[in-house]
Structures are given as structure tokens and as C-alpha cells.
Amino acid sequence: MLATTLALATGETTFWWIILGIGGVVLAVVIALLTLLLYFVKSIEAGAQQLLGVAGGVAGNTGNIKVALEVASSLEEIADEAGLHARLLGVGAR
């Protein structure tokens, strides 16, 4: 059998080393950018979780607004009724 060896010229070898170096740099940049993206996503997720907790508290606080509005309107009725009683009893009509 005849064995042939393939050899690259010096310029071609240098070219391929440069290409491999550029590929390594690109790979390192991609890894760095993906790591940064992962950090940002985790930061956004933590902020969203915190916002969800705060929103639950706000919802709990505003859940009783209807009751508070009803109490406010009934306070007006109570004040009117108290004024009627005061007039009937002659209290405060000086």
C-alpha cells in the first residue's frame, strides 16, 4: 500500500491557527454573553416575584374598599338619623 502524507504549507497552517484562535475568542464571548443574559433573567425573575408579593398585599388591602364605601354611606345615614333624633328631642336647637 502506498501511504501518502498530506502536509499544509506554512501559510495555510498559520491561517488555520488564526481561524481556531478567532473561534476560541468567539466561543468565550458567547459564553460570557449567555452568562450575562442568565444573570439578567434571574434578576428580572426575582423582581417579578417581589412584585407579585407586593401586588398580593395591595389586592388584600383594596379588597375591602366596597365595605369601606358602604360604611361611609351608612355613616352619613347615621349622622342624618342622629340629627333627626336631636331635633325631635330638642337637643342642640338653641
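None of the figures in this text is laboratory data; all of them are computed from the coordinates on show. No experiment lies behind these values; they were computed from the predicted model shown. Quick reminder, even Gly has a Cβ in these numbers, built from the backbone with ideal geometry, and neighbours come from all protein chains shown.
Does LEU89 fit the bill of being surrounded by 10 or more Cβ atoms within 10 Å (Cβ to Cβ) and on the phi < 0 side of the Ramachandran plot?
Numbers: surrounded by 10 or more Cβ atoms within 10 Å (Cβ to Cβ): no; on the phi < 0 side of the Ramachandran plot: yes.
In short, no.
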Among the residues of segment 26-39, are any more than 31 Å from the chain's Cα centre (by Cα) and surrounded by 10 or more Cβ atoms within 10 Å (Cβ to Cβ)?
yes
